[in-house]
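Notes follow the structure.
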Amino acid sequence: MILGFTLTMPNVGSWNGKWSGKDSLYFRSKTLNKNDAIKLMQGEEQRDFYYRWDDGWGANVNVRIITGTENSRLKKISKGFYGYDWMIDSIIEFDEILDSIERKEKRKALYEELEKEFEK
């Protein structure tokens, strides 16, 4: 299944209250196996994931299942993902947007949990 990820910045912390990318589409797609896509979407047609920085900026990533035709069309007009592809990876891996430190800590905790289960 193809999942479409669209980035917006609903909270802007710039001096003029504007995001220079506001009028562009920031889109990426990922193909996941059906079970992983269904698990991520939790029975919803679309989901939103929000991330807030300490400086007042906030990003939203909208995720939805899309068709191959829609994927091709959106890829043609997309300006990339503004350097935030790590958010997509975090959503797929953790079902939330976590920064690099949070991702590392969560992986460590999961690894330690698996080690304990393996030792039993």
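Before moving on, here are some points about what is shown:
- Test: GLY80 is farther than 15 Å from PHE5 by Cβ and either among the small types (Gly, Ala, Ser) or touching an Asp or Glu at 6+ places or on another chain (Cβ under 8 Å) (or both): no
- Of the residues ASP48, ASP95, ASP85, ASP89, the single one that is at positive phi, modelled with pLDDT of 95 or more and either charged (D, E, K, R) or touching a helix residue (DSSP H, G or I) at 6+ places or on another chain (Cβ under 8 Å) (or both) is ASP95.
- Condition met for GLY80 (at pLDDT 95 or above, out of contact with any His (no Cβ under 9 Å at 6 or more places or on another chain) and not in a strand (DSSP E or B)): yes
- Total residues in the stretch 1-38, condition in a loop (DSSP other than H, G, I, E, B), of a type outside the set (Val, Ile, Thr) and surrounded by 13 or more Cβ atoms within 10 Å (Cβ to Cβ): 6
- Scan of the stretch 75-98 for residues that are charged (D, E, K, R), without any contact (Cβ under 8 Å) to a residue 12 or more places away in the chain and within 20 Å of ARG47 (Cα to Cα), ordered by number: ASP89, GLU93
- Among the conditions (1) free of Cβ contacts under 8 Å to residues at least 40 places away in the same chain; (2) outside any helix (DSSP H, G or I); (3) of a type in the set (Lys, Arg), the only one that ARG103 does not satisfy is (2).
- Where VAL63 falls short, out of the listed (1) of a type in the set (Val, Ile, Thr); (2) over 17 Å from ILE2 (Cβ atoms); (3) surrounded by 13 or more Cβ atoms within 10 Å (Cβ to Cβ): (2)
- Residues satisfying the stated conditions in the stretch 39-74, i.e. part of a helix (DSSP H, G or I), under 16 Å from the mean Cα position of the chain (by Cα) and touching a residue at least 24 places away in the same chain (Cβ under 8 Å): LEU40, MET41
- Every residue from the stretch 26-62 that is touching a Phe, Trp or Tyr at 6+ places or on another chain (Cβ under 6 Å) and among the hydroxyl-bearing types (Ser, Thr, Tyr): TYR26
The values are calculated or read from the model by the stated rules, or taken from the named source; none is laboratory data. Given the structure is predicted, the values throughout are model-derived calculations rather than measurements. In this analysis, Cβ positions are derived from the backbone assuming ideal geometry, glycine residues included, and neighbour counts consider all displayed protein chains.
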